[in-house]
Structure formats: C-alpha cells, structure tokens
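Reviewing the structure listed below.
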Amino acid sequence: MSEMFSLKGRVALVTGASRGLGFAMANALAENGATVVVNARDTGTLSAAAEKIGAEALPFDVADAATSRAALEGIVERHGRLDILINNAGIQHRSPFVEWEDEDFDRVIAINLSACFRMMREAVRLMLPNKFGRIINIGSVAAILGRPTIHA
Ligand SMILES: NC(=O)c1ccc[n+]([C@@H]2O[C@H](COP(=O)([O-])OP(=O)(O)OC[C@H]3O[C@@H](n4cnc5c(N)ncnc54)[C@H](OP(=O)(O)O)[C@@H]3O)[C@@H](O)[C@H]2O)c1
C-alpha cells in the first residue's frame with residue numbers, strides 16, 4: 001500500500017522549510033522517498049533543518065528574482081529534474097492600519113504573492129519537458145480576510 005504513495009525518484013523543493021509548516025512538509029516528502037531540497041534565508045537554521053531530514057539546503061530569498069531562477073535551474077542541474085514545488089515561504093507584518101508603511105506592504109506582497117507567481121512560472125518551465133509537475137501554494141485565511149493588524 002505504501003508503495004502506491006512512494007515519491008521515490010521525485011525531486012521536491014519546499015520554500016520556507018527551515019521551521020514550521022515548511023519543515024513538516026519537507027520531512028513528510030523525505031519520509032515518503034522524495035529527494036528533498038529545503039529553502040529559507042538564514043543559512044544556519046536551514047542547514048540544521050536539512051541535516052535532520054537528509055535534505056539539501058538551498059538558501060535564497062524567494063523575493064530575489066534572479067537568485068530564485070538560478071536556484072531552480074541548479075536543482076535540475078544537480079538532480080536531473082524538478083517534480084514538486086511547495087511555495088510555503090511567507091512572512092507576516094502586524095501593526096495598526098494607519099501605521100503600515102508602503103515598504104511594509106511591498107515586502108509582504110513581494111514574498112507572499114509575487115514570489116509565488118515567479119517561482120511557479122520558472123518551475124513550470126523546468127517541469128514541462130518531463131510532462132510532470134506538482135505545485136502547491138500555501139495560502140492563508142489572512143489573504144482574504146482583514147484583521148485588526150494584518151492588512152497586506
Ligand atoms: N502558522 C500559521 O498559523 C499559518 C496560518 C495561515 C497561513 N500560514 C502560511 O503558512 C506558511 C508557513 O507558515 P509558518 O507559520 O510555518 O511560518 P514560519 O514558522 O514563520 O516559517 C517561515 C519560513 O519561511 C522562511 N522565509 C521567510 N521569508 C522568506 C524569503 N523571503 N525567502 C525564503 N524563505 C523565507 C523562513 O526562514 P527565514 O526567515 O530564514 O527566511 C521560515 O523557514 C506561510 O506562507 C504562512 O503565511 C501559516
């Protein structure tokens with residue numbers, strides 16, 4: 001039965017996987033046989049997390065377009081393919097509405113929204129030749145629901 005769900009031979013990238021939900025998802029993919037690449041910005045935390053689950057640590061900022069593209073291409077160069085992308089990296093900024101600066105809004109949108117679009121586009125370019133790919137975007141109820149301090 002477990003063979004039916006085996007991810008052996010599949011290569012997966014999970015962004016924002018040095019802790020929290022991303023780490024849990026990366027762990028689950030690794031436990032089910034996938035070759036897993038984990039991403040986050042802080043290299044120390046990321047390396048420690050990667051070691052725990054036998055994943056490759058690939059530090060980069062998903063909001064940096066050129067670095068993200070090179071990172072995805074590097075995965076295919078090293079592992080031969082990219083099958084699964086989980087866009088999980090995300091941040092939150094909390095403060096009363098009138099205290100939000102333009103930079104706060106732009107930073108949240110750049111990481112939580114624009115980066116997902118770009119990562120998907122670049123991943124699909126790499127997945128198309130294999131005619132196989134799975135992309136999961138992690139959202140939040142905060143994307144559609146305003147809160148007293150959460151506005152982006
Ligand atoms: N936890 C919740 O209750 C909840 C609810 C709804 C939605 N979500 C969504 O679920 C996802 C994960 O949430 P979480 O609570 O597990 O988050 P978390 O514990 O704060 O972890 C966020 C991860 O993303 C990484 N990250 C942040 N900015 C990044 C960037 N620019 N480039 C690359 N990596 C980046 C962080 O590492 P570095 O800081 O080292 O980069 C960390 O590994 C987020 O997208 C969040 O919006 C969570």
Per principal axis, largest first, the Cα atoms of segment 18-97 extend in Å by 46, 28, 22
Given H placed 1.01 Å from N in the peptide plane, which residues other than close sequence neighbours of residue 37 have an amide H under 5 Å from its amide H?
12, 13, 14, 56
Based on the mean of other beta carbon atoms within 10 Å per residue, what is the order of 22-32, 117-127, most packed first?
22-32, 117-127
With springs only between Cα atoms under 10 Å, which of 47, 114, 95 fluctuates most in a Gaussian network model of the chain?
95
Using θ = phi - 60° and the Karplus relation 6.51 cos²θ - 1.76 cosθ + 1.60, list the HN-Hα couplings for segment 134-142 in order, rounded to whole Hz, with x at every Gly or Pro.
9, 10, 10, 9, 8, x, 8, 4, 5
Using the 2.2 N^0.38 Å rule of thumb for compact globular proteins, work out how segment 2-143 stacks up: its C-alpha Rg over that value, please.
1.07
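No value in this document is a laboratory result; all are computed from the given coordinates. Predicted model, so just to flag it, every value in this text is computed and none were measured. All Cβ positions, glycine included, derive from the backbone under ideal geometry; neighbour counts span all protein chains shown.
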